Amino acid sequence: MSSKVAVVTGVGPGTGKAVVERFAVAGYEVAMIARSEQRLTEIASVTENAHAYVCDVTDELALDQILTKIETRMGTPNVVVHNAVGAERGTYLDVDPNKMRKAFEVNTMALLALAQRLVPKMEAAGSGALICTGNTSAYRGKAAFAGFAPTKAAQRILLESIARQSGPKGVHAAYVAIDAVIDLAWTREVFDGKPDEFFCQPKDIAEEVYRIAHQPPSAWSFESVIRPFGEVW
């Protein structure tokens, strides 16, 4: 248990996988949390130091049990990246309230559960980082994002509250907002014909997450907003 430990939620084929790879190549033992066992197993099979833990982060009991397993096998995490995301898009007239509640549970309540369980242990150790990957819906309420933006805004504000309390105790909490279409197979299909510079590369997002997690305490960022140079903003 001498290696540094990172926990990454929402490990999928894009940002989550890239974040896992970035921390693993830096020597971290990485606990990957997601609902898809097949996906995690595939990533673990080709990524040294990456370990699969199947869990729905909205299931508080299951998440608590998984975190116990991670701490027992790997030790207390040094870095936690909450990358899991729930999205329910639509105007306020169209949005399904139940799906919006589910998105809130993924984006905000799961963050609370992770923080309550792990941040005090980081504080006791005198160091650590809690990073959320988010987006600019956390800052603005566009009409078609009425079911999503409030859940991300709540996530960012919760993280800010955590940062204000945990920062003086040595734990860096930070929000990395991604204002972009991430380069994935399905986004290439949806945005067929868009040039490469239109898309944000998962490996570049992962590099920013890693950088933020390793900032010196004298110059911490709480927020980082990243976008491709071709993004209209």
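The values are calculated or read from the model by the stated rules, or taken from the named source; none is laboratory data. As the structure is a computational prediction, the values presented were derived from the model and not from experiment. Every residue, glycine as well, gets a Cβ built from its backbone with ideal geometry; the counts of neighbours run over all protein chains shown.
Hey, does the range 83-95 have a residue that's assigned to a helix (DSSP H, G or I), out of contact with any Ser or Thr (no Cβ under 7 Å at 6 or more places or on another chain) and hydrophobic (A, V, I, L, M, F, W, C)?
no
Tell me, please, whether a residue that is out of contact with any Asp or Glu (no Cβ under 9 Å at 6 or more places or on another chain), of a type in the set (A, V, I, L, M) and not in a helix (DSSP H, G or I) can be found in the range 209-231. Spell out how you get there, then give the answer.
The first filter runs over the range 209-231 and keeps only residues out of contact with any Asp or Glu (no Cβ under 9 Å at 6 or more places or on another chain), leaving 209-221.
Subset that is of a type in the set (A, V, I, L, M): 209, 212-213, 219.
Narrowing further to those that are not in a helix (DSSP H, G or I): none.
No, every residue in the range 209-231 fails to be out of contact with any Asp or Glu (no Cβ under 9 Å at 6 or more places or on another chain), of a type in the set (A, V, I, L, M) and not in a helix (DSSP H, G or I).
Using the structure shown, decide if A50 is within 24 Å of L112 (Cβ to Cβ) and either among the aliphatic types (A, V, I, L, M) or more than 16 Å from the chain's Cα centre (by Cα) (or both).
Taking the combined requirement at face value, the residue does not satisfy it.
Output the number of the condition that T187 fails; it satisfies all remaining conditions of (1) in contact (Cβ under 8 Å) with a residue 24 or more places away in the chain; (2) within 19 Å of K152 (Cβ to Cβ); (3) not in a loop (DSSP other than H, G, I, E, B).
With (1) in contact (Cβ under 8 Å) with a residue 24 or more places away in the chain; (2) within 19 Å of K152 (Cβ to Cβ); (3) not in a loop (DSSP other than H, G, I, E, B) applied to T187, the lone miss is (1).
Which residue pairs have Cβ atoms under 9 Å apart, sit 6 or more places apart or on different chains, and have a first residue in the range 58-86 that is of a type in the set (D, E) and a second that is assigned to a loop (DSSP other than H, G, I, E, B)?
The qualifying pairs are E71/P77.
Among the residues of the range 194-208, are any part of a loop (DSSP other than H, G, I, E, B), under 30 Å from G128 (Cβ atoms) and in contact with a Ser or Thr (Cβ under 8 Å, 6 or more places away or on another chain)?
No: zero hits.
So A154 fits all but one of (1) of a type in the set (A, V, I, L, M, F, W, C); (2) buried (at least 19 other Cβ atoms within 10 Å of the Cβ); (3) within 22 Å of E60 (Cα to Cα); what number is the exception?
A154 satisfies every listed condition except (2).
All but one of (1) modelled with pLDDT of 95 or more; (2) in contact with a strand residue (DSSP E or B) (Cβ under 8 Å, 6 or more places away or on another chain); (3) more than 20 Å from P77 (Cα to Cα); (4) polar (S, T, N, Q) hold for T187; state the number of the condition that does not hold.
Of everything listed in (1) modelled with pLDDT of 95 or more; (2) in contact with a strand residue (DSSP E or B) (Cβ under 8 Å, 6 or more places away or on another chain); (3) more than 20 Å from P77 (Cα to Cα); (4) polar (S, T, N, Q), T187 misses just condition (1).
Only strands (runs of 3 or more DSSP E) wholly contained in the range 1-72 count here; list those with 1 or more residues that are at pLDDT 95 or above, of a type outside the set (A, V, I, L, M) and under 24 Å from W186 (Cα atoms).
Result: 5-9.
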